[in-house]
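Everything below concerns the one structure shown next.
Nothing in this text is a laboratory measurement; each read-out follows from the coordinates by a stated rule. From a predicted model like this one, the values you see are computed outputs, not experimental measurements. Quick reminder, even Gly has a Cβ in these numbers, built from the backbone with ideal geometry, and neighbours come from all protein chains shown.
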Amino acid sequence: MKKVSIIKAVTIFIGVLMLTHSLFKCTKVGDNIQHLDRSYPSIPDSTIYAAFNDNYTIPSADVTPATNDVIKMRGVQTIVHEYCGTSNCHGGPISPKFNSYADVMKYVVAGNPSGSKLWEMITTNDFNRAMPPVNSNHELNTKDKAIIYNWIYNGARENPILADFRPAAIRLINDGCGSANCHNQGTVAGSWAEKGILGTRYSIVTTDTASFYIYDAATGAQSRYCQFINQTKLNTIWNDYKDSVKTYYSDTIGKASFRILKTFTTPWTTASRRGPLGSYDDVLMDIYIPKNIRSNSSVVYTSPGGVQYYSKSDPLNSNDCFIRRIDSTLLFLNPQTGTVNSVNGSMAYQDGGLKPSEIALIKAWYFADPNIPDVWKYGKTNTGIFKYAKSGNLIIRR
């Protein structure tokens, strides 16, 4: 029996030795693990909001931040802590530490993911350098990698700025509000084509448009939309419209011949069509020349020749604006008259289904973007045109 035990002990010892040798071979410097791929495509998607902290109170927030005043989204610090800063790793006995922005920045080259050690460690297939360790069974998912990549690529700031807000905000607006039955260029141009008001200039043929239907499961109602599907002609039609709008409102007297005839409702459509928000330029135009100014529901002016216009001349004399339609915590004051309008916020819930953090992100972009005139942020004399409904505080430039 003793001989058998000795044989077993020797066998186990040899087995352990072989295993140790095998592990030693596997961990030699520079060894790549077969089938392991932690790489990430170096194509930055700047429309993904990426910040260091999870919470960011926007500069235009009320004294006591309201529901739509704080951006709450997963940030780099949380990701790094979750994957690297646990108590048995870099949050415990193992150095280096990643407890603060300063700690993390020791391994980051702002604007250069590929030159940052942090990025290198989470994307390398080298067994010895890969972090988290390959055998930890805790792989960074693609979404978290995208946040880290974009954060570094966009400048790796501790607090976000316009460059972080704008791409993400515009994508939210485009995707959330630009559907075919909503703020869509094709649907607007389709209604104009169907009514025959585009004339012969664009050589429109039957195949340039198509009908589509939306069925309301709750009511059983069915709505038909005519959409312009020839993208080349659509681009020309919509850009021509925007050029006319910008030309007229640059000088409503000197450029009176450019006064807008096309509308999004009466008399050219059977139902209200919303002003398109398909691009950054579309959104900007909707802000400083609101749709309700360009497309009134009744006749505003009749020319000496009898032509009826539904477009107003003063873009500041507006009872509606972009931010009012997405944030129900704000009241809007007509920039020209100071008249207070009721709360709205319908775009956030009816159109785009925006969440409070997404509304805060859009507001952060809105008040930071220099391409939006101050008069549409704070009024003509910085007395404020946006008032918090709960506190009565006005947003002014500080």
For SER179 and SER313, FRET efficiency with R0 = 30 Å and r from the beta-carbon atoms, rounded to 0.05?
0.40
Give me the extension gain from TYR213 to ASN235: residue separation times 0.36 nm, minus the current Cα-Cα distance, reported in nm with one decimal.
5.6 nm
For the pair LEU162 and LYS117, what calculated FRET efficiency results from E = 1/(1 + (r/R0)^6), where r is the Cβ-Cβ distance and R0 = 25 Å, to the nearest 0.05?
0.35
Round to the nearest 0.05 the FRET efficiency obtained for SER100 and VAL299 when R0 = 51 Å and r is the Cβ-Cβ distance.
0.20
Cβ crowding within 10 Å averaged over residues, with 50-62, 212-224 ranked highest first
50-62, 212-224
